[in-house]
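The values are calculated or read from the model by the stated rules, or taken from the named source; none is laboratory data. These figures come from a predicted structure and were not determined experimentally. Neighbour counts run over all protein chains shown; Cβ positions are idealised from the backbone, glycine included. All accessible areas refer to the heavy atoms of the entire protein, side chains included, with ligands and DNA or RNA removed. Shrake-Rupley method; radii C 1.70, N 1.55, O 1.52, S 1.80 Å.
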Amino acid sequence: MGLEVIGAGFGRTGTNSLKIALERLGFGPCHHMFEVRDNPDQLPAWEAAAQGKPSDWDAMFQGYRAQVDWPGAAYWQQLAAHYPDAKVILSVRDPDAWFDSVQATIGPFMTTMRGKHDQPHLNAIAEMCSKFIAQDIFGGQLNDRDHATRVFKAHADTVRQTIPADRLLIYETGSGWDPLCAFLGVDTPDEPYPLTNSSKEFQKEINDTK
């Protein structure tokens, strides 16, 4: 079973809510950074990917039907090529709101708190994220609003220009079920779209793992 849905959106674009929504729609399990956090045996393969080593995507996503958020989103082009029948979702939000959310959550996790987490596993994740996100994607300038938001917008443009329109959904955070269900060809659930992993919830998640 290969991936049916590939999430190309950066972290902090409603990806945890999207994960829950995809699973509710039958596209689960859905891979997310929390999967790496909760399953330490997954980390070595992602560390190798961050170092530029060849990746066995089928093994890394064994048992998953969908993927959103980093680390997978960093390799959206490779995944889109490896799973040519999968649909691609680019989750987006206002760039400044995204930057503020990053600075309140994952930014410090992989920069100022790097090496200072209580658990070795969290420190290893922070080290990996520092490599492939803070350095490789943002050139060591994740804390610079102008630079980071430019990278954010350029990433969205690249996805739009790369993935054919009939294979791509540009999903604005907060859009609810309708565009997602229409894109995936499934019925709309009779329940609210999940809203989770706010900045406060992220901080609680990290504190609860200490």
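Taken together, the residues in segment 142-156 that are open to solvent by 50 Å² or more (accessible area, probe 1.4 Å) and among the aromatic types (F, W, Y) amount to 0. Restricting segment 40-58 to residues that are of a type in the set (S, T, N, Q) and at pLDDT 95 or above, which is surrounded by the most Cβ atoms within 10 Å (Cβ to Cβ)? This residue is S55. Among the residues making up segment 121-175, those that are under 20 Å from V88 (Cβ atoms), charged (D, E, K, R) and touching a residue at least 12 places away in the same chain (Cβ under 8 Å) are K153, R160, R167, E172. In the set (1) open to solvent by less than 20 Å² (accessible area, probe 1.4 Å); (2) under 21 Å from F183 (Cα atoms); (3) touching a residue at least 40 places away in the same chain (Cβ under 8 Å), the condition left unmet by D85 is number (1).
All of G176, G185 fail the test of being of a type in the set (G, A, S), over 19 Å from F10 (Cα atoms), modelled with pLDDT of 95 or more and open to solvent by less than 70 Å² (accessible area, probe 1.4 Å), apart from G185.
So that you can scan it fast, the table gives a plain yes or no per residue for (1) within 16 Å of H155 (Cβ to Cβ); (2) modelled with pLDDT under 95; (3) open to solvent by 60 Å² or more (accessible area, probe 1.4 Å); (4) of a type outside the set (K, R):
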| position | (1), (2), (3), (4) |
| --- | --- |
| F34 | no, yes, no, yes |
| L90 | yes, no, no, yes |
| D94 | yes, no, yes, yes |
| R114 | no, yes, yes, no |
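Taken together, the criteria exclude D208 from residues that are exposed (fewer than 15 other Cβ atoms within 10 Å of the Cβ) and at pLDDT 95 or above. Answer yes or no: is there a residue in segment 118-132 that is more than 17 Å from H155 (Cα to Cα), open to solvent by 30 Å² or more (accessible area, probe 1.4 Å) and in contact with a Pro (Cβ under 9 Å, 6 or more places away or on another chain). Scanning segment 118-132 turns up at least one residue that is more than 17 Å from H155 (Cα to Cα), open to solvent by 30 Å² or more (accessible area, probe 1.4 Å) and in contact with a Pro (Cβ under 9 Å, 6 or more places away or on another chain).
Please determine, by comparing only the residues of segment 1-57 that are of a type in the set (S, T, Y) and more than 21 Å from P189 (Cα to Cα), which one is nearest to the chain's Cα centre (by Cα). Only one residue fits best here, namely T13. Looking across segment 59-74, the residues that are closer than 20 Å to K19 by Cβ and surrounded by fewer than 21 Cβ atoms within 10 Å (Cβ to Cβ) come down to M60, Q62, G63, Y64, R65. Restricting D100, D118 to residues that are of a type in the set (D, E) and touching a residue at least 40 places away in the same chain (Cβ under 8 Å) narrows the list to D118.
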